[in-house]
Amino acid sequence: MKHKLTTLFTAIALICCSSFNTVVANELTLPEKLSLPAQTIEPQSFNVGSTTDQLVISASYPWFGVVGGRVTIPASEVQSVKLWLEPNFSTTERRGVISVTKTSDGTTTTIPVIQPPYFTSVTNGFPARLETKNSSNDGWESNGIATPANSSAVLSAVSASGKRLAFTEDGGLEISDTQVGDYFIYAVPVENLAAGEQIDIMCTMVAMESSSPKYWVVEYWDNDRWNTIDGDLRVAEEDKNIEYSFYNKYFKSAHHTSYAQSFTLANPVVNNTVKVRLRILSEGGGATKLSGGQYTSLSLVRHNNAPAIIDTKRVLFIGNSFTYFFSTPFMFKEIARSQGHQVDAVISVKGGQEFSEHLRLERSNEAITRGGYDIAFLQDTSPNPAIYADTGNPDILNASREINKLTFKHSPNCQIVYERTWACPHNNYRTYGSYDKLDFLLKKGTEMLKKELKQDKIIVSPIGLGFRVGREHNLPLLHTDNLHQSRVGAYMKACINYLFIYQTRFTDSVSDCGVDAKTAARVRQIAEQVVFEGVKEKYNY
């Protein structure tokens, strides 16, 4: 159905500008009406003028408007007026007017504006997990539309300045030539969503150039307007007028932005769409990418079956690719909410980083020093605990001590969680020759670090043990590189971390986080066994 709609609206887009037939009435030259396309990446414009009067052209709606808010046209001139336009990602037609006002006497003539809906009917699009590697993005560069796999959701981008954005797909969904006010927009069809339901938004973004815009705000559509998320906004240090949700700064060695937050709709949504947007607040036309690869580009998850919120924890995630592959912090948040626990997540992840490197990274320091955390998951580069057990390298201990010190300074009541990671066959089992030896060294090294740091507020999550048991049951826990976690492995990690923190078994409402139901149930069974029942560990090497 969507392909037929796209063809139809492409046809509308091709004829709409030429169909703005002008008429001359009372010495005015203007269209009788404007029929705007449901979706286009091309700027829209029309001609208007007067033989006797100066004119002011204006229109300001949440979904379209005259670029700049208003345009003044001198008498005896006919000019092209440019409009900005948001795609109508809904199931209902939108109508508005453009006002043409004579400055001599204030008389106003209106031009009716009509925009048809993108959807004529809906099927439930939740959960809408947009991941570039398994999405349908053939139209991103040509018509500005991308769709996630297994969902009827749609993504596009809007130029509120009326300038044509550049759409590129290169390991992610990218826009450039942006200005303040431009935004990504994501819409998820839903048949029936009750008022008061909670929705999680999660995204990963990266600035591609030094000129990329830094500050962004996340907004959702409700009560016929765009709303910010309560308690989410922060004030930019260099400009107190900018209240932002996250910053996305360019680093020569890319450090992605990971953002996760929750919002609640005041009104029901029936046979329509839930819409969110990521809007630019600061100058910059350089490219910005919704990250691809093994990152989650943009995800919306509803919690219609979740129990009421029992508690809220502020949780910090510091890690590397053993954290960001398939977005384990997002999974942790999703699992927790499905069980009645709200998580306010702050995330700094960058591939290959040791604790010593995180201490030098601007984004990791900014995340840690925000402070006020209840829980901090600290993920050292995966072989470091094994190396420490094997060699006693003092640099590993010192870096652990320093990152703990910084964390406790800003979150004195925080519970630090070290993650005992998993053995893998990559590079001859990290040069240790077997699963057994690497598993043993990872276990021993993590426990040595905990003991030698002499901190009661450090605990070790037994993720590696979960992988060990899962491997015996032939679960596909590793990615194709035989190193990183697969989606199933990421789910195992998130499940064990959840159980380890909350110390309660899963209920029937627990989220599968995109893992097939049968496999997810097996992962949860093993995770509960590891955390609550214990597993005797025997190593032969």
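Each value in this text was obtained by applying a stated rule to the coordinates, not by laboratory testing. Keep in mind that this is a model prediction, so the values were computed, not measured. Heads up, the Cβs are rebuilt from the backbone with ideal geometry, glycines too, and the neighbour counts pull from every protein chain shown.
Summary of the geometry: region 145-200 and region 470-502, compared by the centres of their Cα atoms, lie 30 Å apart. Only Lys, Arg, Asp and Glu carry charge here, each on its Cβ (+1 for the first two, -1 for the last two); on that basis region 370-472 has a dipole of about 160 debye about its Cα centre. Dividing the convex hull volume of the alpha-carbon atoms in the chain by its residue count gives 150 Å³ per residue. Extension gain for Tyr539-Asp177 works out to 124.6 nm (0.36 nm per residue, less the C-alpha to C-alpha distance). Cα centroids of region 345-392 and region 281-311: 22 Å apart. Shown is the FRET efficiency for Asp138 and Asn47, computed with R0 = 41 Å from the Cβ-Cβ distance and rounded to the nearest 0.05: 0.75. Annotation: amide H of Val274 within the under-5 Å range of Val188, Val190, sequence separation 5 or more or interchain, hydrogens built in the peptide plane.
Taking the alpha carbon gyration tensor of region 185-343, multiplying each eigenvalue by 5 and rooting it gives semi-axes of 26, 20, 15 Å, largest first. The stretch between Ser104 and Thr91, if pulled fully straight at 0.36 nm per residue, gains 0.5 nm over its current Cα-Cα span.
Other residues within the sphere of radius under 14 Å centred on the Cβ of Val301, judged by their own Cβ, net out at -1 (K and R +1, D and E -1).
In region 305-541, a dipole from Cβ-located charges (positive for Lys and Arg, negative for Asp and Glu) runs towards its positive end, and of Thr369, His473, Ile458 it is Ile458 whose Cα lies farthest in that direction. Secondary-structure-derived ellipticity at 222 nm for the chain, considering helices only, amounts to -7500 deg cm²/dmol, per-run term -39500 (n - 2.57) for DSSP H runs with n ≥ 4.
The magnitude of the dipole of region 463-531, with charges of +1 and -1 set on the Cβ of Lys/Arg and Asp/Glu and taken from the Cα centre, is near 100 debye. Relative protection proxy for 146-153, 518-525, 491-498, from highest mean packing down: 491-498, 146-153, 518-525 (other beta-carbon atoms within 10 angstrom).
Across all C-alpha atoms in region 317-416, the radius of gyration and Dmax reach 13.9, 44 Å. Only one residue of Val349, Tyr491, Val113 has its Cα farthest out toward the positive end of the dipole of the chain, where Lys and Arg carry +1 and Asp and Glu -1 on Cβ, and that residue is Tyr491. Going down the list Lys444/Lys536; Lys443/Lys536; Lys133/Lys289; Lys33/Lys275, which pairs span over 20 Å between their C-alpha atoms? Flagged as over cut-off: Lys33/Lys275.
Assuming charge only on the beta carbon of Lys and Arg (+1) and of Asp and Glu (-1), the dipole of the chain about its Cα centre is about 1220 debye to the nearest 20.
Amide H contacts of Asp222: Asn227, each under 5 Å away and 5 or more positions distant or on a separate chain (H built 1.01 Å from N in the peptide plane; Pro and chain starts excluded). Each residue of region 132-138 is assigned a 3J(HN,Hα), and the resulting list reads 4, 5, 9, 10, 9, 10, 4 Hz, derived from the Karplus form 6.51 cos²θ - 1.76 cosθ + 1.60 (θ = phi - 60°), x at Gly and Pro.
Ordered by the number of other Cβ atoms lying within 10 Å of each residue's own Cβ, fewest first, His303, His358 fall into the sequence His303, His358. Residues of region 279-301 with an amide N closer than 13 Å to a point placed 7 Å from the Cα of Trp226 along the Cα-to-Cβ direction: 279-282. Could you give the nm distance between label points at Asn124 and Lys252, where each point is 7 Å from its Cα heading toward the beta carbon? Placing both labels 7 Å beyond Cα along the Cβ direction yields 5.0 nm. Answer with one residue from Ser258, Phe246, Asn227: the one whose Cα lies farthest towards the positive end of the charge dipole of region 215-269, charges on Cβ with Lys, Arg +1 and Asp, Glu -1. Checking the options against the dipole of region 215-269, the answer is Ser258. Charged neighbours of Arg279, selected by a Cβ distance under 11 Å, balance to -1 (K, R count +1; D, E count -1). By count of other Cβ within 10 Å, fewest leading, how are Lys333, Lys240 ordered? With the sparsest Cβ surroundings first, the list reads Lys240, Lys333. For region 432-530, the square roots of the Cα gyration tensor eigenvalues, ordered a ≥ b ≥ c, give a/c of at least 1.5 with a/b no greater than b/c, which places it in the oblate category.
Is the C-alpha gyration tensor of region 55-114 telling us rounded, prolate or oblate? Criteria: a/c under 1.5 is rounded; beyond that, a/b larger than b/c is prolate, otherwise oblate.
Prolate is the answer for region 55-114, as a/c is 1.5 or above and a/b outweighs b/c.
Taking a ≥ b ≥ c as the square roots of the eigenvalues of the Cα gyration tensor, region 305-541 is classed as oblate, since a/c reaches at least 1.5 and a/b does not exceed b/c.
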